[in-house]
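Single-structure report; data block below.
The values are calculated or read from the model by the stated rules, or taken from the named source; none is laboratory data. This structure is a prediction, so every number in the text was calculated from the model and none was measured. Backbone-built Cβ (ideal geometry, glycine too); neighbour counts: all protein chains shown. The protein model used for the area step is the full one, side chains on, heavy atoms only, and it has no ligands, DNA or RNA in it. Shrake-Rupley method; radii C 1.70, N 1.55, O 1.52, S 1.80 Å.
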Amino acid sequence: MEVDPAPIPEMVARAQCGDSDAFERIVREFDRSLRAFSHRLLGPRWTEDVLQEAYLRAFRALSQYKAERGTFRSWLYRIVYRCCLDEQRRRRRQPLVWASGLEELPSPHTFESAVAARDGLWDALGRLSAEERACVILVDGLGFDYESAATILDLPRGTVASRLNRARPLLHRALREPLEETKGEGHARIP
Amino acid sequence: MHEYRDKELAEALDALPVPPTSDDFYTRMRARTTGSPRQRLMPGRRLLATAALVGVALLVGGAAGAEFAAPSRGATSTPVPAFTPATGWNIVETNNRQSCSSCPDKLDLAWAANVPFAPQDTQADWPTETLKNLPPGGIVIVVVGPWTYTGSDAIPGLQLPVQVENLHFEAANWYEGQPAPNVSSYFTSAHINPQEIVNVFVWVGSDNPTPALKAAADQELARLTMPS
């Protein structure tokens, strides 16, 4: 974790009183991992505006955060996750690169980062549902435990485990096999 | 349920690029978050509140007579959370809202500890170094506020004396804000009046606080006074 946790409770208390500098400091500490989370979750739909919207939403909702209910980090992740889902819904009518259905799957190469990174992995991530993708990114990608991921995604812990059980083999196959060979039960084959 | 992190996927996901932060990202964010999310008192009410605070402060100020040399910071003429001095306990108090007119959103703080505060902490806003080096049996208490709460959650009223058994407990295995591996935490938010709440933090140098340690914390919490 890149976070120095020591000042977080105080920073949160200050931010809750309207101290936007304190809020910015918290955001700066969590931003990189939230950026990774939201980017991997949305793929080509990702723009920085998603994070802007999420942080603004968090700032406005600061008074609703209660430490007894969970960590501030989890609370912030949850807001970012919801903003990502909203973004997905908003753009549903636009051409998609990532989707769960065959009819919505155009070429994976429209996502610029896919070329720079690993086409197969990006593509396989895109074949997962948003929940499955979020579980993998949080637990395997960012090192959250199942309980924390469940809190962020508002799912039972067992559901997180089952989403991971389903998603992991698909991603492993994508890492090992050529893109054209990748297919899975209930998932679309790349055209 | 077997819980694990898939190392191969972790490495693969780690290799994916993370988009850089644009130059104006925080400038844009700052522009949108300028201003307070909390409800502020209307000017008339604020004036009344200030008058009431000053009145009570005069009464409290006249009766004050600390016998313990506490490293107190800032003015203390308005009622803020405070610990009555006691042998073996160090206290630090701030009254930022009154002493720092340029930072009206700075919070008042009251600290108490049965260990010396790290010198750098007494000039800082948080006992960070003291907490990082809290020895076994050490206790640090921090009270933050009061501050205006506008959330919708039901927050209980503050029951004095505060007792650690009534606070939310985080054992020293991992929690957000954990200052050191052996430090457990107690925490609560509570209303002191219909608009305002305080946060009470208690850290103890133990991963399994003993009854004696909790009793010592309770004794100091019993010396906590709050503005009404």
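Residues B:Thr27, B:Thr21, sorted by accessible area with the largest first, give B:Thr27, B:Thr21 [1.4 Å probe; ligands and nucleic acids excluded].
Accessible surface for the stretch B:171-228, divided over its residues, is 38 Å² per residue with a 1.4 Å probe.
A 1.4 Å probe over all protein chains sorts B:Trp174, B:Trp111, A:Trp75, B:Trp89 by accessible area into B:Trp174, A:Trp75, B:Trp89, B:Trp111, starting with the largest.
The mean count of C-beta atoms from other chains within 10 Å of the C-beta of residues in A:54-66, rounded to a whole number, is 4. Of the listed residues B:Ser22, B:Ser184, the order by accessible area with a 1.4 Å probe, largest first, is B:Ser22, B:Ser184.
Heavy-atom accessible area for B:Leu160, with the other protein chains in place and a 1.4 Å probe, reaches approximately 90 Å². Once all protein chains are placed together, B:Glu176 keeps about 40 Å² accessible to a 1.4 angstrom probe. Compared with its chain on its own, the stretch B:112-161 contains the following residues whose accessible area drops by 50 Å² or more in the full protein assembly (probe 1.4 Å; ligands, DNA and RNA excluded): B:Trp126, B:Trp147, B:Asp153.
Total buried accessible area between A and B, probe 1.4 Å, nearest 100: 5600 Å².
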